[in-house]
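*Asks:* Okay, here's the structure, questions in a sec.
The values are calculated or read from the model by the stated rules, or taken from the named source; none is laboratory data. Values in this document were obtained by computation on a predicted structure and should not be read as measured data. In this analysis, Cβ positions are derived from the backbone assuming ideal geometry, glycine residues included, and neighbour counts consider all displayed protein chains.
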Amino acid sequence: MTDNEAKLIDCFVQGLGIEAGLVTDDLTYNSVRQWDSVGHMALMTEIETVFDIMLDTEDIIGLSSVAKAKALLVKYGVAI
Amino acid sequence: MLKGKVVVITGASRGIGRAIAEQFAAVGADLHLCARSAGLAGLATALHEAHGVQVAAHVGDVQDTPFLKGVVGACRKSHGRIDVLVNNAGVIQQGLLGMIPMDQTRATFETNILAIVNLTQYAVRLMGPGASIINVASIAGVRGMEGTAAYSASKGAVISFTLAIAKELAGQGIRANVLAPGFIDTDMTRGLTAEWFRKRVESIGMGRIGQPEDVAKVALFLASDLSAYVTGQVIGVDGGMQA
């Protein structure tokens, strides 16, 4: 696991308030109670702060899984 | 009253936006000012020197998404948060029904409402409990005004948008309210025809045109903790035009 992958997992832990063990590529929006619309915005804030990026609104709408979060970070120039 | 608060104001170079910037700086707010005018930098310097607050000038167009992202990104870097967002930038379009050019109408909606939706979505990510969103609409958005159908409609949309997000954000402790100025002495209203100007002043119960400072004082109330339990409201500042 790269440093940035570890940071991303921690974003989910801090943003959603879930255990790190739950954060796998298969974790998707609304698949756990904590990843609702409110949790989603907290997660986005965490990702933007940790990686010092500003996500486009369309990207936030499309970020619906851990796997997609990794792909999105690559788009913003973050090596995963 | 706003010491240390981080405030974003659009349309800040003149009129109501400038008055709000001056009012907020005088009570200790750190400001991120936005406007198309290159003269904004001079205002930022003047407010910093007069009040000792941090003032950043962002020159650009609110229709430009990268510009808006840059403003919010600057707030993240400078303070890590936004406490107050004042969506004030707006344009007026005159024209009787049947004579309203669609390209101008689209531009009116782009500035008056779509830019507000766009900026608010970016800014709210940096807002937390106690934060306040102040959207500047108009009495025209409440009651309609002849000869400004497209403008009135765009301001009506500002009101509806604000009432909706007030409901969405209340649970997070973020407030959203509308300022609905009446006839205020700004460059925008000075551009109206003399006949319009006279009719508007005659419709004001208090018998005088409003000053930008009249609106700024109410904006200060909505930005401060004095209005901590006020959200989803449309506050008229019109000297009795709606009375």
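*Asks:* Since B:Cys34 meets every condition but one in (1) of a type outside the set (A, V, I, L, M); (2) closer than 27 Å to A:Glu48 by Cα; (3) surrounded by fewer than 17 Cβ atoms within 10 Å (Cβ to Cβ), which condition does it not meet?
*Replies:* (3)
*Asks:* I've got another one for you. Pairs needed: first member in region B:83-110, at pLDDT below 95; second member anywhere, among the acidic types (Asp, Glu) and part of a loop (DSSP other than H, G, I, E, B); C-beta distance under 8 Å; at least 6 residues apart or different chains.
*Replies:* B:Leu96/B:Glu146
*Asks:* Still on this structure: If a residue counts only when it is of a type in the set (Gly, Ala, Ser), which helices (runs of 4 or more DSSP H) contained entirely in region A:10-80 have at least 2 such residues?
*Replies:* Those helices (runs of 4 or more DSSP H) span A:37-51, A:66-75.
*Asks:* Which of (1) surrounded by 15 or more Cβ atoms within 10 Å (Cβ to Cβ); (2) farther than 26 Å from B:Ser227 by Cβ; (3) within 14 Å of chain A (Cβ to nearest Cβ); (4) among the hydrophobic types (A, V, I, L, M, F, W, C) is the odd one out, the single condition B:Ala74 does not satisfy?
*Replies:* Answer for B:Ala74: the failing condition is (1).
*Asks:* Is one or more of the residues making up region A:41-54 of a type in the set (Asp, Glu) and more than 14 Å from chain B (Cβ to nearest Cβ)?
*Replies:* no
*Asks:* Being assigned to a helix (DSSP H, G or I), among the polar types (S, T, N, Q), away from every other protein chain (no Cβ under 14 Å) and surrounded by 20 or more Cβ atoms within 10 Å (Cβ to Cβ) is the filter here, so list the residues in region B:118-163 that pass it.
*Replies:* B:Ser152, B:Ser154, B:Thr162 - these are the residues of region B:118-163 that are assigned to a helix (DSSP H, G or I), among the polar types (S, T, N, Q), away from every other protein chain (no Cβ under 14 Å) and surrounded by 20 or more Cβ atoms within 10 Å (Cβ to Cβ).
*Asks:* Oh, and also: With respect to B:Ala38, is the statement that it is farther than 23 Å from B:Val237 by Cα, more than 14 Å from chain A (Cβ to nearest Cβ) and among the hydrophobic types (A, V, I, L, M, F, W, C) true?
*Replies:* yes
*Asks:* Residues in region B:84-117 that are in contact with a strand residue (DSSP E or B) (Cβ under 6 Å, 6 or more places away or on another chain) and either within 14 Å of another protein chain (Cβ to nearest Cβ) or assigned to a helix (DSSP H, G or I) (or both): how many?
*Replies:* Residues in region B:84-117 being in contact with a strand residue (DSSP E or B) (Cβ under 6 Å, 6 or more places away or on another chain) and either within 14 Å of another protein chain (Cβ to nearest Cβ) or assigned to a helix (DSSP H, G or I) (or both): 1 in total.
*Asks:* Still on this structure: So for region B:199-217 (the condition being within 24 Å of B:Thr108 (Cα to Cα), over 15 Å from the mean Cα position of the chain (by Cα) and assigned to a helix (DSSP H, G or I)), does at least one residue qualify?
*Replies:* yes
*Asks:* A further question follows. Could you please find all residues in region B:19-53 being out of contact with any Pro (no Cβ under 7 Å at 6 or more places or on another chain), assigned to a helix (DSSP H, G or I) and under 18 Å from B:Leu220 (Cα atoms)?
*Replies:* B:Ile20, B:Ala21, B:Glu22, B:Gln23, B:Phe24, B:Ala25, B:Ala26, B:Leu47, B:His51
Residue by residue, here is whether (1) over 13 Å from the mean Cα position of the chain (by Cα); (2) within 14 Å of another protein chain (Cβ to nearest Cβ); (3) not aliphatic (A, V, I, L, M) holds:
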residue	(1), (2), (3)
A:Gly15	no, yes, yes
A:Leu22	no, no, no
A:Asp25	no, no, yes
A:Asp59	no, yes, yes
A:Ala67	no, no, no
A:Val74	no, no, no
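*Asks:* Something else now. Within region B:183-199, take every residue that is among the aliphatic types (A, V, I, L, M) and within 11 Å of B:Pro212 (Cβ to Cβ) and give me the one that is surrounded by the fewest Cβ atoms within 10 Å (Cβ to Cβ).
*Replies:* Looking at residues that are among the aliphatic types (A, V, I, L, M) and within 11 Å of B:Pro212 (Cβ to Cβ), I get B:Met188.
So that you can scan it fast, the table gives a plain yes or no per residue for (1) part of a strand (DSSP E or B); (2) in contact (Cβ under 8 Å) with a residue 12 or more places away in the chain; (3) over 16 Å from the mean Cα position of the chain (by Cα); (4) crowded, with 17+ Cβ neighbours inside 10 Å:
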| position | (1), (2), (3), (4) |
| --- | --- |
| B:Ala219 | no, yes, no, yes |
| B:Tyr229 | no, no, yes, no |
| B:Ile235 | yes, yes, no, yes |
| B:Met241 | no, yes, yes, yes |
